[in-house]
Amino acid sequence: GGGGCDEDDDPDDPWRSAEARHRKMSQRSAKSYVDRARDKMRRRRSRLLSGMPRRSCCHDAFLLINAVAVFSDLCMGLSQVLPLALVRLPLLQMVLRCYLTFFSVIFAVAEAEIPLPFVRSSQSLH
């Protein structure tokens, strides 16, 4: 007979069973893909609603530079304070070292973004 329908319904056809398996596997993988996409969107939505921004490598690099700046400011302040405590200095040097220590602490506080009122209100420290 000449009908194509009879040939498609043949259960012994090896191509038909392979095609049915492929169709079943693709339906399963499509379902798992949709489930993974839904889960990913759910996690992304909950992260956005939690108020925490997503950090990129550029943000991490900025945080590293920020930490290095705070550390260097504190080291500069320490290098000015140690001679005050250990060595007898003339009055002018003591005043200058106190002045530098004060500004290094102010810059460290501003760089660390510690919410102190005089740092927040200063336009030069932003």
### Message
For the full complex of protein chains and a 1.4 angstrom probe, list Ile114, Ile106 by accessible area with the highest value first.
### Response
Ile114, Ile106
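In whole percent, and with a 1.4 Å probe on the protein chains, what portion of the accessible area of region 37-99 is carbon and sulfur?
C and S fraction of accessible area: 69 percent.
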### Message
Could you give the length gained by full extension between Gln93 and Ser72, i.e. 0.36 nm per residue of separation minus their alpha carbon distance, to one decimal place?
### Response
5.4 nm
### Extended-chain gain in nm, criterion 0.36 nm per residue less alpha-carbon gap, Leu82 and Ala61
4.4 nm
### Query
How long is the gain from Val105 to Arg38 if the chain were fully straight, where each residue apart is worth 0.36 nm and the alpha carbon distance is subtracted?
19.2 nm
### Query
Using the heavy atoms of the protein chains alone and a 1.4 angstrom probe, what is the accessible area of region 42-86 per residue in square angstrom?
84 Å²
### Query
What FRET efficiency comes out for the pair Glu113/Ser46, r = Cβ-Cβ distance, R0 = 22 Å, nearest 0.05?
0.25
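The values are calculated or read from the model by the stated rules, or taken from the named source; none is laboratory data. Everything quoted here is computed from the prediction, not taken from an experiment. As a convention, Cβ positions derive from the backbone with ideal geometry for all residues, glycine included, and neighbour counts pool all protein chains shown. Please note that ligands, DNA and RNA were not included when accessible areas were found on the heavy atoms of the full protein model with its side chains. Shrake-Rupley method; radii C 1.70, N 1.55, O 1.52, S 1.80 Å.
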